[in-house]
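Trainee: Supplied in structure tokens, the structure appears directly below.
The values are calculated or read from the model by the stated rules, or taken from the named source; none is laboratory data. Just so you know, these numbers come straight off a predicted model, no measurement behind them. Heads up, the Cβs are rebuilt from the backbone with ideal geometry, glycines too, and the neighbour counts pull from every protein chain shown. Protein only, heavy atoms only, side chains kept; ligands, DNA and RNA dropped before computing areas. Shrake-Rupley method; radii C 1.70, N 1.55, O 1.52, S 1.80 Å.
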Amino acid sequence: MRDLEGKTAVITGGASGIGLAFAECFGREGMNVVMADIEAGALRRAAARVEAVGAAVLPVVTDVGDEASMTLLGEAAREAFGNPHLICLNAGVSAPTGPMEELTANDWRWTLDVNVWGIIHGIRVFLPELKRRDEGHVVVTASVAGLTSYPWMAAYNASKHAAASIAESMHSELREAGSRVRVSCLCPGAVATNIAGAERNRPKELANASREEAEVVAQLPGDLEEFSERFEAISQTPADVAERVLAAVVEERFWIETDEAYRDAIKARHRSIEDRTDPPARGVILGPYLES
Ligand SMILES: NC(=O)c1ccc[n+]([C@@H]2O[C@H](COP(=O)([O-])OP(=O)(O)OC[C@H]3O[C@@H](n4cnc5c(N)ncnc54)[C@H](O)[C@@H]3O)[C@@H](O)[C@H]2O)c1
């Protein structure tokens, strides 16, 4: 999509981090911006920031895991700005980290509701109209966790593999149909956002029953104590990620990676599939976090 001026972007998870950076970036390009997020106060403040760059903004409080809420988002966007052109299915959460048998059913449910169902609902609401008009672009936010499988992040990994697969399937189907609608799959590494505090948005009905369940992270191996510190040290800024996404949308590219640090781990994983050897162990996958 080469010309963004005057067109409309819908961004889920728009109140914070990568989604907010998308909104500011696309707003600066002259797009109308529909910002969808579950966190009403943060959304209001974020919308004011994006208006300050001169964009027309519609904030819509939305739960991406809820089909009816996403249907209402589609209606609100069309009513405000007409049919949207750029759909960023970006909202995501990260449940507590820990051995997979210790993750609760609620950890799995919440992660899959937001990170997978949010994308499925978004596609069902927005893709038919994009295909009918034969124009537009869908950006799915996956992760390097959608291309490799980090230990102690099973629910998140599974959700991000699903996100990448959905994006790839959508791309294949659109090419098969001869459509001009494009898809990108964003696979960031570490980005400095508020995702570490994702629990703030966990619905009460999916809360963990006990304190122990909520703190599985405390049982991780000792050498991961520096995890958070290193994570921040190698993090990209959301604004940098948004610039890469803007370039990929304009150039109509599918894969968007944010840095080189994970290339070896991704290659090693793919090589193991080609060679039918065991998948790489944590040293390869967590290397960028543990050794930088
Ligand atoms: N930060 C990273 O290192 C990183 C790396 C790879 C991928 N990602 C992905 O990037 C995306 C954006 O995350 P972020 O890092 O900017 O985190 P963030 O917490 O700063 O932003 C996520 C936004 O999603 C919103 N959200 C949560 N649940 C929602 C729901 N049910 N409905 C609507 N909105 C909801 C939050 O309120 C928040 O505003 C996620 O999909 C995340 O998995 C992040």
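Trainee: I need the full set of residues from segment 227-251 which are more than 14 Å from the ligand (Cβ to nearest atom) and either open to solvent by less than 70 Å² (accessible area, probe 1.4 Å) or part of a strand (DSSP E or B) (or both), in order please.
Mentor: Leu246, Ala247, Ala248, Val249, Val250 - these are the residues of segment 227-251 that are more than 14 Å from the ligand (Cβ to nearest atom) and either open to solvent by less than 70 Å² (accessible area, probe 1.4 Å) or part of a strand (DSSP E or B) (or both).
Trainee: Could you list all residues from segment 1-37 that are open to solvent by less than 10 Å² (accessible area, probe 1.4 Å), away from the ligand (no atom under 16 Å from the Cβ) and part of a strand (DSSP E or B)?
Mentor: Listed by number, the list holds a single entry, Thr8.
Trainee: Can you report the number of residues in segment 58-69 which are within 21 Å of Ala163 (Cβ to Cβ) and outside any loop (DSSP other than H, G, I, E, B)? Lay out the reasoning, then the answer.
Mentor: Filtering segment 58-69 down to residues within 21 Å of Ala163 (Cβ to Cβ) leaves 62-67, 69.
In the following step, the residues that additionally are outside any loop (DSSP other than H, G, I, E, B) were identified as 67, 69.
The number of residues fulfilling the criteria is 2.
Trainee: A follow-up question, please. Out of the residues in segment 172-198 that are part of a helix (DSSP H, G or I) and touching a residue at least 24 places away in the same chain (Cβ under 8 Å), which is nearest to Ile38 (Cα to Cα)? Spell out the reasoning first.
Mentor: Taking segment 172-198 and keeping what is part of a helix (DSSP H, G or I), we get 172-176, 195-198.
So of that shortlist, the ones also touching a residue at least 24 places away in the same chain (Cβ under 8 Å) come out as 174, 195-196, 198.
Working: Leu174: 30, Ile195: 14, Ala196: 16, Ala198: 11 Å.
By that ranking, first place goes to Ala198.
Trainee: Among the residues of segment 38-57, are any part of a helix (DSSP H, G or I), touching a strand residue (DSSP E or B) at 6+ places or on another chain (Cβ under 8 Å), hydrophobic (A, V, I, L, M, F, W, C) and within 28 Å of Arg175 (Cβ to Cβ)?
Mentor: No, because not a single residue in segment 38-57 is part of a helix (DSSP H, G or I), touching a strand residue (DSSP E or B) at 6+ places or on another chain (Cβ under 8 Å), hydrophobic (A, V, I, L, M, F, W, C) and within 28 Å of Arg175 (Cβ to Cβ).
Trainee: Oh, and also: Got at least one residue in segment 112-134 being of a type in the set (Asp, Glu), more than 14 Å from the ligand (Cβ to nearest atom) and either open to solvent by less than 10 Å² (accessible area, probe 1.4 Å) or assigned to a loop (DSSP other than H, G, I, E, B) (or both)?
Mentor: Taking segment 112-134 first, the residues of a type in the set (Asp, Glu) are 113, 129, 134.
Filter again for more than 14 Å from the ligand (Cβ to nearest atom), leaving 129, 134.
Then drop every residue that is not either open to solvent by less than 10 Å² (accessible area, probe 1.4 Å) or assigned to a loop (DSSP other than H, G, I, E, B) (or both), which leaves 134.
Yes; the residues of segment 112-134 include at least one that is of a type in the set (Asp, Glu), more than 14 Å from the ligand (Cβ to nearest atom) and either open to solvent by less than 10 Å² (accessible area, probe 1.4 Å) or assigned to a loop (DSSP other than H, G, I, E, B) (or both).
Matching residues to (1) surrounded by fewer than 23 Cβ atoms within 10 Å (Cβ to Cβ); (2) touching a residue at least 24 places away in the same chain (Cβ under 8 Å); (3) farther than 26 Å from Ala21 by Cα:
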site: Ile87; (1), (2), (3): no, yes, no
site: Ser94; (1), (2), (3): yes, yes, no
site: Gly98; (1), (2), (3): yes, yes, yes
site: Trp110; (1), (2), (3): no, yes, no
site: Ala145; (1), (2), (3): no, no, no
site: Ala154; (1), (2), (3): yes, yes, yes
